Amino acid sequence: MSERYNIKETEAKWRKVWTDKKSFEVTEDPSKPKSYVLAMLPYPSGRIHVGHVRNYSLSDVVARYKKAKGFNVLNPMGWDALGLPAENAAMERKTHPKDWTYENIAQMKAQLLSMGLAIDWSREVATCDPSYYKHEQKMFIDFYKQGLAYRKESMVNWDPVEDTVLANEQVVDGKGWRSGAPVERRKLYQWFFKITEFADELIKGLEGLDRWPDKVRTMQHNWIGKSQGAEFSFDVVGNDEKIKVYTTRPDTLFGASFVGLAADHPLAQKLAGDKKGYDDFIKTCQSTGTSEEAIEKAEKIGFDTGHKVAHPFIKGKELPIYLANFILMDYGTGAIFGCPAHDQRDFEFATKYNLDIIPVVQSPDNDPLPYVGDGQLFNSEFLNGLNKEDGIKAAIKKLEELGIGKSVTNFRLRDWGVSRQRYWGCPVPFIHCDTCGLIPVPEDQLPVELPYDINYDKPGNPLDRHPTWKNVDCPECGKAAQRETDTCDTFFESSWYFLRYLDPENKQTGFANEKSNYWMPVDQYIGGVEHAVLHLLYSRFFMRALKKCGYEVPDEPFAGLFTQGMVTHQVFKDKDDKWISPAEIEQRDGKWVKSSDGSPVKAGAVTKMSKSKKNVVDPQDIIDTYGADAARLFILSDSPPDRDLEWTESGIEGAWRFVNKLHRTVIDSIADMPAVDTPKPASFSDKAMELRRAAHQTIVGVADDIDAFHMNKAVARIRELSNTLSGFKPQDDGEKWALREGYEALIRLFNPMMPHLAEELWSQLGHKTILAETSWPAHEEDLLEADTITIGVQVNGKMRASITLPAKASKEEAEKIALSEKNVQKALDGQTIKKVIVVPGRIVNVVAG
RNA sequence: GCGGGUGUGGUGGAAUUGGUAGACGCGCCAGACUCAAAAUCUGGUGUCCGCAAGGACGUGUCGGUUCAAGUCCGACCACCCGCACCA
């Protein structure tokens, strides 16, 4: 009987071996194909969560697998260390964002190390380090010089009590999360990156990303939201003002019954500022959140300015001008014409304010209004009889002839607002001088470092009220000037970090071009689907922007992308209807009760892990109890990686049992195996051949599954082969040899998932090499085909029997065997056979009647 | 509101992309070992009828195409996620 597997000691032993041998540290090697495997870098919150374990288990499988397949694999790790949570923690716990962050990094690094990841830690970066953000300050200035960074006024959520800008997530039910005061919308001067300059290129680039999930490409496509339409101006009746509108449906212009302006449209104040109720209306609009969701969901309200515009096509017709809360100043021109008969929102608005609803498009199926589909135009003078497409063209042509409009391409994509009025971010490297204006910080004065001595006693931005930090001499004229106190959105850091890994020693100039040329683009990027748009789009924008500034980078940063699903867990409530952690409960007689006092517990839905619902599992507890291999295995089993994974106690226990069982059966089987490197026998028994086929088919199957990210299927195959091997009792030398061959293959196949156990067993089997430096097992082509197969036989499409026949049997043979089967005869019951369909290797279907 | 996704046994999920639905795992049931328990091992396990052989039903719902549909087409239903200052 073998000794029990000592997981803790063994796992630590092998991690030390990998570290000592620097197994995962790499350099550029042009003689080998490279593979840059990258997991999204974590935010250092303090503890790793199960989502991290899933992410890094996946990237580790890919990294180890690719390495075994002969690739020069780079798999780095770093810390997305700037951001809001550090400041919240600092305020709550009277600590400093920097101290809090670095403590968290130390803790989380220890946790990640315990997972046994094949990471090149020599390249580790933390984005809060001035040696990191120095480079982005340089980039920021480069962007500015190329016209890719600029300042303009923009709307923010403003907390009037805290005197600060609020993130959308800090707005709860329209109120500041801390102060509880109703949130206002305010305009502020802010920095923007001109992502819209590349809108078209970013759409076109999506076509080439064939190793990205379709859904992410679709989401980005829709996010950029290219639309073709017309822009034209209405004359305001009674004064010289013009209102420029954007529309994708100029063909419905004869159905227009009003013109709508965004509440913050430049003309709004002028047209309606003196009217009764205007201030209240603006206030109501400002109390709505700034998120698109909040605006779209809010009840559609309007304000009649009392002014009118002239219809450009219909002489003498005038349309009322309304302010409306559903019109976005950021999209199009911030003004629309409303055609209630053919637009859902306009329809609701017109119904509410009793405006005309004039149908001009005939629905072929007489659909009810509003009808947004294609159809023949009517009530539309020169457009009558045309369809939508031709109508749009004709309407634009007319607008052009009248000299009031033109065809335009519009994007939903807005420029990226990067200003944050917070401390724990990369300082925007600019100086405001009363004489010289806005001046970039000279390169030799970079980085602009964050001051350490700050306080959170007062509301607002700590940089803004710091006694000395913002005082600086103007680099141009030398007079007293002030630093920009805005910091950057933390998406800035994550937009280029994968370049920073490529040249870790070079702290001065960022990334060297030769090195980035070797490693870029990232071959396999892995992370949460929640980044489908922002982070992944910003990174794509960055490559193009950097290129424009002369940096040598590819257009597309990530050649392959995989987005993993969330990790979920069941939620529970105690007898007082309060959320209760799964760690505090247990099952007794099939019912959930609180462990401490046996009181009843209600089981709820399976949802995303969240602290507030207390359904969070700490992976460190799991690793400490079951070991890293079991944790990794569980998370890779069962659920396909792109779908949500439900965390269950029984699941992790099952994985742990398998780890132990593998260890036990391999150790117990050593006695049945020949010594390591025993030459292959000349011949094998049928039983041995069957075993060898199973092993070789599994080698190919697991590789295919990993290539396709079907880790759950790869694990299932490994378990199948393990079951086959553990039930095999060898009788002769050939069978013994086949058993060793099978186990050695098995160990190499599960090495990417359970690397500690694999190394241990590999060494127990007598190998002096380590698996981290051992190749993927080779397969023999002629062992991939079975010699007999079993296929089904249908009669009139219903399964009636299954037959076993040689794999190479002809159609005729298959038909003959099928028809002679007694259940087939019975099902035929003397009917005439009309047709027999034979799909070789698949099925026989007898059609009779 | 807009956009995206998912739906198969008690349960997580397989199904070579139109060809034996339920691989593999979890759970459950029975048995072996044990004074007992744990661990481990063996067998069973979609539902209904049947002692069995076997039969009927079965992939969210309804309809269609096909020799053959979880897979293709049409219409619905339910749930989940994202929406630009969370990372």
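Taken together, the values in this text are just the output of simple stated rules run on the coordinates, not laboratory data. The structure presented is a predicted model; accordingly, all values stated were derived computationally and were not measured. Cβ sites come from the backbone with ideal geometry, for glycine too, and all protein chains shown count toward neighbours.
Annotations for the structure displayed:
- The calculated Kirkwood hydrodynamic radius for chain A is 32.2 Å, given to one decimal from all distinct C-alpha pairs.
- Charged-residue dipole, Cβ positions (Lys, Arg, Asp, Glu), segment A:407-544 about Cα centre, Debye nearest 20: 440 debye
- In segment A:539-694, the C-alpha radius of gyration followed by the widest Cα-Cα span (Dmax) gives 24.6, 73 angstrom.
- Angle of helix A:130-145 to the longest C-alpha principal axis of chain A, folded into 0 to 90 degrees and rounded to 10: 50°.
- For the peptides A:789-802, A:414-427, A:240-253, the ranking by mean Cβ contacts within 10 Å, running from highest to lowest, is A:414-427, A:240-253, A:789-802.
- Total formal charge among the other residues, if their Cβ is under 15 angstrom from that of A:Asp173, Lys/Arg +1 and Asp/Glu -1: -1
- Note on segment A:395-443: Rg/Rh from C-alpha atoms, Kirkwood Rh, equals 1.34.
- Contact order relative to length of chain A, as percent, for alpha carbon pairs under 8 angstrom and 6 or more apart: 13 percent
- For segment A:475-492, 3J(HN,Hα) computed residue by residue from phi via the Karplus equation (6.51, -1.76, 1.60; θ = phi - 60°) reads x, 8, 9, x, 6, 4, 9, 10, 6, 4, 9, 6, 10, 8, 3, 6, 5, 4 Hz, glycine and proline entered as x.
- Taken about its Cα centre, segment A:103-206 carries a charge dipole of about 280 debye when Lys and Arg each add +1 at the Cβ and Asp and Glu each add -1 at the Cβ.
- Farthest toward the positive end of the dipole of chain A, out of A:Leu721, A:Ile431, A:Thr10, is the Cα of A:Leu721, where the dipole comes from beta carbon charges about the Cα centre.
- Note on A:Thr27 and A:Ala807: the extension gain reaches 276.0 nm, defined as 0.36 nm multiplied by sequence separation minus the Cα-Cα distance.
- Positive-end residue of A:Trp223, A:Ile203, A:Val245, charge dipole of segment A:165-245 with Cβ unit charges: A:Trp223
- By the compact-protein rule of thumb, 2.2 N^0.38 Å, the alpha-carbon radius of gyration of segment A:803-849 corresponds to a ratio of 1.11.
- Between A:Ala605 and A:Asp457, full extension at 0.36 nm per residue minus the direct alpha carbon distance yields a gain of 49.1 nm.
- Taking amide H positions as modeled 1.01 Å from N, with prolines and chain starts lacking one, the residues under 5 Å from A:Phe430 and 5 or more places away or on another chain are A:Val441, A:Glu484.
- Taking only the C-alpha atoms of segment A:130-277, the Rg (one decimal) and the largest Cα-Cα distance, Dmax (whole number), read 21.0, 61 Å.
- Given charges at beta-carbon only (K, R positive; D, E negative), |dipole| of segment A:128-188 in Debye: 320 debye
- 222 nm mean residue ellipticity, helices alone, for chain A (DSSP H n ≥ 4; -39,500 (n - 2.57); rounded to 500): -10500 deg cm²/dmol
- Computed on the Cα atoms alone, the convex hull of segment A:1-62 gives a volume of 181 cubic angstrom per residue.
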